[in-house]
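Read the structure below first, then the notes.
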Amino acid sequence: MHIRPFEPRDFDAVVNVILPIQRDEFGFDVTVDHQPDLRIIPEFYQRDLGDFWVAEADGKIVGTIGLVDIGDGLAALRKMFVAAEWRGREHGIAAKLLGLLLATARERGIRAVYLGTTDRFLAAHRFYEKNGFAEVARSDLPASFPVVFIDTKFYVHRLDA
């Protein structure tokens, strides 16, 4: 398994990781059209202090994670997904993706990384909390944070503490 920056040729494979998790595992009635950031990954994520990475295993993209520069030394973690068969400690893909994102954020001078998630992603909540994220109220999010319509739970990881 290796992690590398997203390239435009990865679009279909990225969608094929994300949509089945959102739709089949968690029952959200969403399409690519509900997530315009997926169609413009280079412009939305890979600009300023942000980035977007894919995890590849056996020649196939099995995970994604995005870092959005939201200004003022702050960023948002978006689109963290790992295909079901590649989850778990034995693969360590989620931990490696998150580790790369946080290390990159620190290197780029980002002070805090925020994220929004749904109350349905219980395993994700445990994972984020285990990795230094603390829950915050929606009212405590920076004004520049891009809230997604399905997000109901929010976290922050302060890198300057």
Stretched fully, the stretch from HIS2 through ILE40 gains (0.36 nm per residue minus C-alpha distance, one decimal, in nm) 11.4 nm
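Quantify, in whole percent, the carbon and sulfur part of the accessible surface of the chain (1.4 Å probe; protein heavy atoms only).
Working: 4040 of 8000 Å².
Here it works out to 50 percent.
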Calculated from the structure, Cα Rg over 2.2 N^0.38 Å equals which of [x] 1.03; [y] 0.96; [z] 1.64? [y]
Among ALA134, ALA94, ALA123, which one moves the most in a GNM of the chain with springs linking Cα atoms closer than 10 Å? ALA123
Out of the trypsin sites (Lys or Arg not before Pro) in segment 67-161, which ones are loop residues according to DSSP with at most 10 other C-beta atoms within 10 Å? ARG89
Can you give the extra length, in nm with one decimal, that the chain gains between SER144 and ASN16 once fully stretched, where that is 0.36 nm per residue apart less the Cα-Cα distance? 43.2 nm
For the chain, what does the relative contact order come out to in percent, with C-alpha contacts under 8 Å and a separation of six or more? 19 percent
Based on DSSP H runs of at least 4 residues, each adding -39500 (n - 2.57), what is the mean residue ellipticity at 222 nm of the chain after dividing by all its residues, to the nearest 500 deg cm²/dmol? -7000 deg cm²/dmol
What residue among ILE65, ILE21, ILE93 shows peak mean-square fluctuation when the chain is described by a Gaussian network model with Cα springs under 10 Å? ILE21
Need the C-alpha centroid separation for segment 71-121 versus segment 5-47, integer Å. 15 Å
Which shape class applies to segment 87-161: rounded if a/c is under 1.5, otherwise prolate when a/b exceeds b/c and oblate if not, where a ≥ b ≥ c are the square roots of the Cα gyration tensor eigenvalues? oblate
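Just need the Rg to Rh number for segment 71-120, please, alpha carbons only, Kirkwood Rh.
Here the Rg-to-Rh quotient is 1.03.
Send over a whole-number figure in Å² for the accessible area per residue of the chain, probe 1.4 Å.
Heavy-atom SASA per residue in the chain reads 50 Å².
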How would you classify segment 39-105 from its alpha-carbon gyration tensor, with a ≥ b ≥ c the square roots of the eigenvalues: rounded for a/c under 1.5, else prolate if a/b is greater than b/c, otherwise oblate? prolate
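The values are calculated or read from the model by the stated rules, or taken from the named source; none is laboratory data. What you see is a predicted model; the values in this text were computed from it and never measured. Don't worry about glycine lacking a Cβ; one is built from the backbone with ideal geometry, like all the others, and counts go over all protein chains shown. Accessible surface areas use protein heavy atoms only, side chains included; no ligands, DNA or RNA. Shrake-Rupley method; radii C 1.70, N 1.55, O 1.52, S 1.80 Å.
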